[in-house]
1. Only one residue in 169, 108 is assigned to a helix (DSSP H, G or I) and surrounded by fewer than 16 Cβ atoms within 10 Å (Cβ to Cβ), so which one is that?
2. Check off (1) assigned to a loop (DSSP other than H, G, I, E, B); (2) under 17 Å from residue 97 (Cα atoms) for residue 181 and give me the number that stays unchecked.
3. Residue 96 passes all but one of (1) within 20 Å of residue 69 (Cβ to Cβ); (2) outside any strand (DSSP E or B); (3) in contact with a helix residue (DSSP H, G or I) (Cβ under 6 Å, 6 or more places away or on another chain); which number fails?
4. As an exercise: evaluate residue 164 against (1) part of a loop (DSSP other than H, G, I, E, B); (2) at pLDDT 95 or above; (3) over 15 Å from residue 54 (Cβ atoms); (4) over 17 Å from the mean Cα position of the chain (by Cα) and give the number of the one condition it does not meet.
5. If residue 206 satisfies all but one of (1) under 22 Å from residue 254 (Cα atoms); (2) part of a loop (DSSP other than H, G, I, E, B); (3) free of Cβ contacts under 8 Å to residues at least 40 places away in the same chain, what's the number of the condition it fails?
6. Across the range 51-93, what is the total count of residues that are surrounded by fewer than 18 Cβ atoms within 10 Å (Cβ to Cβ) and within 15 Å of residue 165 (Cβ to Cβ)?
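The values are calculated or read from the model by the stated rules, or taken from the named source; none is laboratory data. Here the structure is a predicted model, which means the values were calculated and not measured. Backbone-built Cβ (ideal geometry, glycine too); neighbour counts: all protein chains shown.
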């Protein structure tokens, strides 16, 4: 596997602690738990085509799935001339702004390298709860952290009782968050005309994260007249990424490549 470049997010310390300490846990292959030093793991494209992506893997906010939702995707994007970075983010541990702080800092750091890696479009991508991180970056951005596009795989989007992933919400907002907090942290309720274009995919039989998350976000994008592409496949479950076992891998990668080419 091609070697990546690792860049620390917070050389001078993060603005908010997550209250956790101790060594990182890499005992499960493809996963990192108890992230103590958040970073970007960057695979620069050898023949850059002007785009870069920060990928936010899933993991249920207990680990970061840096394998099948991170490193395993890099070669595909590099082949398209896209520099691919994986965000190794901290667990929020009920410190609700940690995730947004980490992805926004990742966007700032990537922008500092845009001439070195030859890109002028920087997007965010996320899978599962990583999709929530990417969507949050796309609706709660600041002047220097707005992504140019977003790609969401079977994302958690809403914190609302009816469709959220409860364990993830607990990790972000606590056991019994107040209604105003739930609404404030539901990405589908904060889409604005400046939210970037989106590619969204999920499977109808996803038993872990309801596809209603994807649908509600797509509808919010439509209402704000933001270009969006939604692909919901009849089967595939959760966490399929680019696995060969996903029955619609060929269709998904073809549609994603076509969408990226037209940005």
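1. When all the criteria are applied, what remains is 108.
2. With respect to (1) assigned to a loop (DSSP other than H, G, I, E, B); (2) under 17 Å from residue 97 (Cα atoms), residue 181 is out only on (1).
3. So residue 96 meets the others, but not (1).
4. Tallying (1) part of a loop (DSSP other than H, G, I, E, B); (2) at pLDDT 95 or above; (3) over 15 Å from residue 54 (Cβ atoms); (4) over 17 Å from the mean Cα position of the chain (by Cα), residue 164 fails exactly one: (4).
5. Result: residue 206 passes all but (3).
6. Qualifying residue count for the region: 1.
Yes/no matrix, rows are residues, columns are (1) at positive phi; (2) in contact (Cβ under 8 Å) with a residue 40 or more places away in the chain; (3) surrounded by 14 or more Cβ atoms within 10 Å (Cβ to Cβ):
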{"position": "2", "(1), (2), (3)": "no, yes, no"}
{"position": "19", "(1), (2), (3)": "yes, yes, no"}
{"position": "25", "(1), (2), (3)": "no, no, yes"}
{"position": "38", "(1), (2), (3)": "no, yes, yes"}
{"position": "45", "(1), (2), (3)": "no, yes, yes"}
